[in-house]
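The values are calculated or read from the model by the stated rules, or taken from the named source; none is laboratory data. It should be emphasised that the depicted structure is a prediction, and the values quoted were computed from it without experimental measurement. Every residue, glycine as well, gets a Cβ built from its backbone with ideal geometry; the counts of neighbours run over all protein chains shown. Accessible surface areas use protein heavy atoms only, side chains included; no ligands, DNA or RNA. Shrake-Rupley method; radii C 1.70, N 1.55, O 1.52, S 1.80 Å.
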Amino acid sequence: ELVQFVLVKDQKKIPIRRADMLKNVIREYRGAYTEIVNRAGRTLQEVFGLQLVELDPKRHSYILVSKLPCAEGNHPCRAKEKEKMGLLTVILSFIFMKGNSVKDSALWEFLRRLRVHPGLKGSLPGLGGDVQKLVTEEFVRQKYLEITPIPLIDPPQFTYKWGARATKETSKRDILNFVAKVQGKRPKFWTSQYNEAMAPP
Amino acid sequence: ENREEMLNSKSNRLTETLEEANKLFDEVSRPREAALDAQFLVLASNLGKEKANELHSEMTAFDTATFAEDLLTFMGINRTEVEENDSEPGGFLPSDAWLKVGEEALKYLRRAPTFHYMLGSFKSDPPVAKQRIERQKRASRGEAKRAMPAQLKKMEESHQETTEKEVERILGILQTLFENDPDTPISFFDFVIDPNSFSRTVENVFHVSFLIRDGLAEIKVDDYVLPIIEPTKSSRGRKNDRGPGARNQVVISLTEKKWK
């Protein structure tokens, strides 16, 4: 039952809270919580190839990550989702290559070069509209990005970093490979980023 | 002369030399020496500039503009002549631009595929049934209950009708075959197997099983232990007396492999 609950909850890609699991599924078996979660995790791994990962040990939230290596070719994924993931990966790349943290002005200036304008419809046809909302709200809620305001600055400015989900679903190494592929260069071309990506976690 | 040593990023030689020159300058009194000093300064600053450049190339900086351009190329931008009043100078992006990026990006992400229920079955019949039931729902509630059993019955019947018709048809074929040549046994497999369709074969077996159940046909085993089928005497003759007969259950397994 917990397996089904987790699979459905994962649709929105918002981390699943322990409290919800307890309230909706486990209920009176609270005492066996750990054992139940472990077993569910094992089923998810063995049957679906998914890993239940605890994202935040303090707030007890979980996400589902694929255990299988990224396969070439057809991902069972709708167009809208593909476009969103494309945009996300580009943003993650920018952040990493620029030293793991960028100012919002820098990011949006970069996106403008890609013909992506906040608030202008049609930049990403599959999305139909608010790119700013997608980036600053949806991606943040899903823990792909972390946006923090810079203190004591007016008008307010923000710092963009990788979110906890991003660190679990991909890696600096993978993102560097993506950049290398796009630019037709070898990852070693960017020495300091390469060293950072290859360093043991 | 000690150029290489000075250029080495790890060495402070350049700084030390500058400091030495500084000290020396304090003691200068003649213009010639001042000119030398100036020359030295120029030399030192050039060296300094080179040193800075070398530092730069050791860690190639990531260039935003190039990355953006390369991305646009990856997306398949059509680069056109730059026109003055163009809203998008430099080219147009195709509509699947971000789709391309997304497909490549997915290779670098370990994202769990979103889970969705597969709705509906594969049978072709249900859609018809659904239409009828839906029409019922729109009718007034009071009548709904009474009318529904009638509708459902109709559907059931049509279901049965097709099966019955098929069964009768197959019986007809079997009888004709047998009449044409009563002495040659009809191989069961020859009778039911459709060389072009496995599913049709299964359907045939299904319909034949009704004939067996109703005692209209029987399956015997010939000398080679292969099943043969023939219409029973009662179906060949008159229709009364359809007793159950000897009831034997046989399980025949037929996988697609075997069928091939």
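Just a few scattered comments:
- Meets criteria (among the small types (Gly, Ala, Ser) and more than 14 Å from chain B (Cβ to nearest Cβ)) for A:ALA199: yes
- Unique match (being within 24 Å of B:ILE219 (Cβ to Cβ), open to solvent by 70 Å² or more (accessible area, probe 1.4 Å) and modelled with pLDDT under 75) among B:PRO195, B:PRO127, B:PRO185: B:PRO185
- Hits in segment B:71-96 (condition: modelled with pLDDT of 80 or more and either in contact with a Gly (Cβ under 6 Å, 6 or more places away or on another chain) or open to solvent by less than 40 Å² (accessible area, probe 1.4 Å) (or both)): B:LEU71, B:LEU72, B:MET75, B:GLY76, B:ILE77, B:ASN78, B:PRO94
- Number of positions in segment A:4-35 that are crowded, with 18+ Cβ neighbours inside 10 Å and β-branched (Val, Ile, Thr): 3
- Subset of segment A:120-156 (residues that are modelled with pLDDT under 80, open to solvent by 80 Å² or more (accessible area, probe 1.4 Å) and more than 27 Å from B:LEU93 (Cβ to Cβ)): A:LEU152, A:ASP154
- Residue satisfying all of: in segment A:160-198; in contact (Cβ under 8 Å) with a residue 60 or more places away in the chain and polar (S, T, N, Q); farthest from A:LYS98 (Cα to Cα) among these: A:THR170
- Residues in segment A:152-177 that are part of a helix (DSSP H, G or I) and aliphatic (A, V, I, L, M) were compared, and the one that is farthest from the chain's Cα centre (by Cα) is A:LEU176.
- Per the listing A:LYS143, A:LYS185, the residue uniquely within 26 Å of A:LEU55 (Cβ to Cβ), assigned to a loop (DSSP other than H, G, I, E, B) and either out of contact with any strand residue (DSSP E or B) (no Cβ under 6 Å at 6 or more places or on another chain) or not assigned by the TED database to the domain that holds A:MET97 (or both) is A:LYS143.
- Test for A:GLU196: is it outside the structural domain of A:VAL90 (by the TED database), open to solvent by 60 Å² or more (accessible area, probe 1.4 Å) and closer than 29 Å to A:LYS13 by Cα: yes
- Screening segment A:3-104 for helices (runs of 4 or more DSSP H) wholly inside it with 3 or more residues that are within 8 Å of another protein chain (Cβ to nearest Cβ) returns the ranges A:79-97.
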